[in-house]
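Nothing in this text is a laboratory measurement; each read-out follows from the coordinates by a stated rule. Bear in mind the structure is a predicted one, so any value in this text is a computation, not a measurement. Note that we place each Cβ from the backbone using ideal geometry, even for glycine, and neighbour counts take in every protein chain shown.
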Amino acid sequence: MSEHTYTPSSKFGKWFNDRLPLLTLGAHLSEYPTPKNLNYWWTFGGILTFCLVTQIVTGLVLAMHYVAHVDMAFDSIEHIMRDVNYGWLLRYIHSNGASMFFLAVYIHIFRALFYGSYKSPREVIWIIGMLIYILMMATAFMGYVLPWGQMSFWGATVITNLFSAIPFVGESITNWLWGGYSVDNPTLTRFFSLHYLFPFIILGLVILHIWALHVPGNNNPIGIDIKKPSKDTVPFHPYITIKDLFALLIFLIIFSGFIFFSPNILGHPDNYIEANPLVTPTHIVPEWYLLPFYAILRSVPDKLGGVILLFASIFILLALPWLDRSKVRSAVFRPIYKQFFWILIIDVLVLGYMGAMPAEGIYLLIARVGTIYYFLHFLVILPLLSSVEKTDPIPASISDPVLIR
Amino acid sequence: MDKGEKKTNRRDFLFTASYTVGAVGIGATIWPFIDQMNPDSSVKALATTEVDISQIEPGKSITVLWRGKPVFIKRRTEAEISEAQSVNLNELPHPEKDQDRVKKTEWLVMLGVCTHLGCVPLADKGEYNGWFCPCHGSHYDTSGRIRKGPAPVNMEIPKYEFVDNNTIKIG
């Protein structure tokens with residue numbers, strides 16, 4: 001960003017830019033040299049930015065009508081759905097928007113896994129991204145509690161009770177989280193406060209994520225280092241902006257499909273029953289995007305063990321750049337890793353399915369196998385492959401393979 | 001040289017002292033922001049509940065709310081009592097005698113909260129005729145002791161007393 005030679009054309013622009021170089025920043029973002037072979041899997045960064053802004057804007061207006069109190073929260077949601085002008089639309093955008101956000105973030109993460117985008121020199125981008133992902137889960141969880149339905153209440157009870165597994169201080173921590181001896185009004189009001197705050201922390205981290213990205217520049221489908229700017233790059237604007245916009249359009253069609261044709265399909269009918277602390281629903285399931293982790297939690301027949309494995313399955317991702325030491329980034333040139341990548345995807349999908357099923361019999365058995373494999377992939381297979389795998393030759397530039405043919 | 005060294009030492013002391021006072025000050029400032037999340041006086045004030053148990057038939061139970069949590073008050077049948085008392089303690093993940101969990105053998109008063117992750121177990125279900133937690137599959141016996149599943153300990157017995165033959169005070 002430093003070696004910019006941009007000078008604004010107008011006199012006022014120059015005066016302002018000398019005092020606050022916003023125009024230089026704008027020029028940097030617009031000229032930013034981008035690998036010319038980026039495929040559509042790379043459009044999800046833009047889509048995710050859109051999702052975050054959508055959640056913030058819809059959340060802001062929903063907060064104007066929502067009441068964070070155990071006696072009124074459930075009714076205020078129905079008030080939004082029935083009385084508030086376009087309230088149904090805003091709430092459906094917000095609730096389905098969370099799902100679309102996670103859909104996009106999972107594609108974004110698996111894209112990074114396939115093309116090795118977490119490897120040197122992009123470890124910090126990866127770690128910031130993972131922090132964003134963890135905050136997203138916390139935000140989504142707290143948001144799901146706000147309607148104060150049965151799933152809200154019991155989901156909150158189960159998740160906050162995870163902390164009670166901590167030896168000695170567990171109970172004090174859960175009481176502190178609850179502000180009482182169970183999930184109740186103090187819990188609801190603090191969740192609302194934090195649910196409002198976290199998206200702005202995420203926004204800050206997103207800015208750091210992009211900043212960190214702009215230091216080494218984008219990775220690309222063949223995962224090689226490229227000279228910037230060169231014949232291998234195109235300026236971000238208009239080439240990438242227009243591609244991102246097209247992808248966003250397709251994404252919005254799917255998003256709208258959910259909002260207008262099946263707004264409740266990703267939710268749970270039990271959450272349209274008001275919270276009742278005396279009755280637990282017979283089958284508690286979290287939202288779909290947390291199911292694989294839920295399956296891991298339930299696959300361990302020990303409380304503390306299950307909680308440790310649940311958190312380990314998330315935090316292990318932070319260490320990924322040091323678990324996979326292979327110098328070759330892109331799976332395109334890693335014939336064996338490529339296969340394990342797809343097995344991991346299947347493993348996570350299977351875990352997700354098991355998380356939605358009752359924890360018994362064959363489901364439990366499959367969840368256990370899936371859990372073991374998940375950790376095997378990161379702790380054994382990846383480090384082993386780094387030294388054992390014979391990778392294919394990498395081209396010297398993006399244009400090379402095309403020109404040879 | 002000797003003078004200079006002395007000066008540095010005094011400065012070091014001042015730095016350390018300042019950092020220490022600063023850290024204590026920051027800690028003292030942060031504490032109210034953390035402690036405000038702990039249970040407040042109004043929550044603590046609701047700590048006892050009195051329950052009339054005269055209407056409960058043998059084999060039946062009622063559920064009352066205490067501190068936002070369900071409390072099971074079960075009037076156990078002879079069969080259930082003998083089942084609870086005859087268990088070999090070595091078979092229990094969390095060994096507790098039935099006698100230590102009740103004040104009168106007929107009445108079992110306990111927090112209806114699964115010790116795994118806080119769900120409310122269902123009565124008269126599970127493999128041990130006691131309670132079964134639908135969330136993650138913990139089985140409890142007729143004394144509310146964990147027998148099978150992920151829950152680590154028996155269901156908790158709250159502090160309670162018999163005010164008279166028909167009334168229990170919880171808390």
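Once the Cβ-Cβ distance between B:Lys103 and A:Tyr272 is put in as r, and R0 is 45 Å, what FRET efficiency do you end up with, to the nearest 0.05? The partial results should precede the final answer.
Working: r = 42 Å, r/R0 = 0.92.
FRET efficiency, B:Lys103 to A:Tyr272: 0.60.
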For chain A, longest principal axis from Cα atoms; helix A:22-31 axis from its Cα atoms; angle between them, nearest 10 degrees, is 70
What is the diffusion coefficient of segment A:144-259 in µm²/s, taking the Kirkwood radius over Cα pairs and the Stokes-Einstein relation at 10 °C with a viscosity of 1.306 mPa s?
84
If the convex hull is drawn through the Cα atoms of segment B:91-130, its volume per residue in Å³
99
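With only alpha-carbon pairs counted, each pair once and no self-pairs, how large is the Kirkwood hydrodynamic radius of segment A:174-333 in angstroms? Display every interim value, and only then the final one.
Working: mean 1/r = 0.0470 Å⁻¹.
Taking the inverse mean of 1/r over all distinct Cα pairs, segment A:174-333 comes out at 21.3 Å.
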Going by average Cβ neighbours within 10 Å, how do the peptides A:287-295, A:170-178 rank, with the highest at the top?
A:287-295, A:170-178
Once phi is turned into ³J(HN,Hα) by the Karplus curve 6.51 cos²θ - 1.76 cosθ + 1.60 with θ = phi - 60°, what whole-Hz value does each residue of segment B:106-123 show in order, with x for glycine and proline?
5, 10, 9, 10, 8, 5, x, 10, 5, 6, 6, 10, x, 6, 9, x, 8, 7
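Taking each pair of distinct Cα atoms in segment A:7-125 once, what is the resulting Kirkwood hydrodynamic radius in Å?
On the way: mean 1/r = 0.0549 Å⁻¹.
With all distinct Cα pairs of segment A:7-125 included, I get 18.2 Å.
Let me check I've understood the local charge: for A:Asp324, count other residues with C-beta under 12 angstrom from its C-beta, Lys and Arg +1, Asp and Glu -1. What total comes out? Provide the component values of the computation, followed by the final result.
Working: positive: A:Lys119, A:Arg325, A:Lys327, A:Arg329, A:Arg334; negative: A:Glu123, A:Glu389.
Net charge in that neighbourhood comes out at +3.
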If r is the Cβ-Cβ distance from A:His69 to A:Leu194 and R0 is 25 Å, what FRET efficiency results, to the nearest 0.05?
0.95
Of A:Lys243/A:Lys390; A:Lys228/A:Lys390; A:Lys11/A:Lys231, those spanning more than 32 Å from alpha-carbon to alpha-carbon:
A:Lys243/A:Lys390; A:Lys11/A:Lys231
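Let me confirm one metric for peptide A:283-292, namely the mean number of other chain beta-carbon atoms within 10 Å of its residues' beta-carbons.
1
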Along the principal axes of its C-alpha atoms, what lengths does segment A:30-284 span, in descending order and rounded to whole Å?
66, 49, 30
So what J values fall out for segment B:150-157 if you push phi through Karplus, 6.51 cos²θ - 1.76 cosθ + 1.60 with θ = phi - 60°, rounded to Hz, Gly and Pro as x?
x, 5, x, 9, 5, 5, 6, 9
Compute the length gained on full extension between A:Ile134 and A:Val402: take 0.36 nm times their separation in residues and subtract their Cα-Cα distance, giving the result in nm to one decimal.
92.5 nm
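Find the relative contact order for segment A:30-284 and round it to a whole percent, using C-alpha pairs within less than 8 Å whose residues are 6+ positions apart. Mind dumping the intermediate values first?
Working: 263 pairs, mean separation 94.8, N = 255.
Relative CO of segment A:30-284 lands at 37 percent.
How big is the equivalent ellipsoid of the protein assembly as shown along its three axes, where each semi-axis is √(5λ) from the Cα gyration tensor, reported in whole Å from largest to smallest?
Numbers: eigenvalues 521, 176, 146 Å².
Calculated on Cα positions only, the semi-axes equal 51, 30, 27 Å.
Return the FRET efficiency for the residue pair A:His214, B:Ala28: r is the Cβ-Cβ distance, R0 is 45 Å, and the value is rounded to the nearest 0.05. Before the final figure, lay out the partial values.
Numbers: r = 41 Å, r/R0 = 0.92.
So the FRET efficiency works out to roughly 0.65.
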Over all pairs of different Cα atoms in segment A:288-397, the reciprocal of the mean inverse distance gives a Kirkwood radius in Å of 14.9
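Relative to 2.2 N^0.38 Å, what does the C-alpha radius of gyration of segment A:202-278 come to as a ratio? Two decimals please. Intermediate results must be reported in sequence, preceding the final value.
On the way: Rg = 20.7 Å, N = 77, 2.2 N^0.38 = 11.5 Å.
With N residues counted in segment A:202-278, Rg over 2.2 N^0.38 Å equals 1.80.
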Please report, for the Cα atoms of segment B:16-144, the Rg to one decimal and the Dmax as a whole number; what are they, in angstrom?
21.4, 70
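I need the peptides A:21-29, B:126-134 ranked by packing, meaning the mean over residues of other C-beta atoms within 10 angstrom, with the highest value on top. Please report the intermediate quantities before stating the final value.
Working: A:21-29: 15.4, B:126-134: 20.8.
Highest-to-lowest ranking by the protection proxy: B:126-134, A:21-29.
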Using the Karplus equation 6.51 cos²θ - 1.76 cosθ + 1.60 (θ = phi - 60°), what ³J(HN,Hα) coupling, rounded to whole Hz, does each residue of segment B:29-44 give in order, writing x for Gly and Pro?
6, 6, 3, x, 6, 7, 5, 4, 7, 5, x, 8, 4, 5, 5, 5
Under the rule of -39500 (n - 2.57) per DSSP H run of 4 or more residues, summed and divided by the residues of chain A, what mean residue ellipticity at 222 nm is obtained, to the nearest 500 deg cm²/dmol?
-20000 deg cm²/dmol
Hey, what angle do you get for helix A:185-214 against the long axis of chain A, alpha-carbon based, 0 to 90 degrees rounded to 10?
10
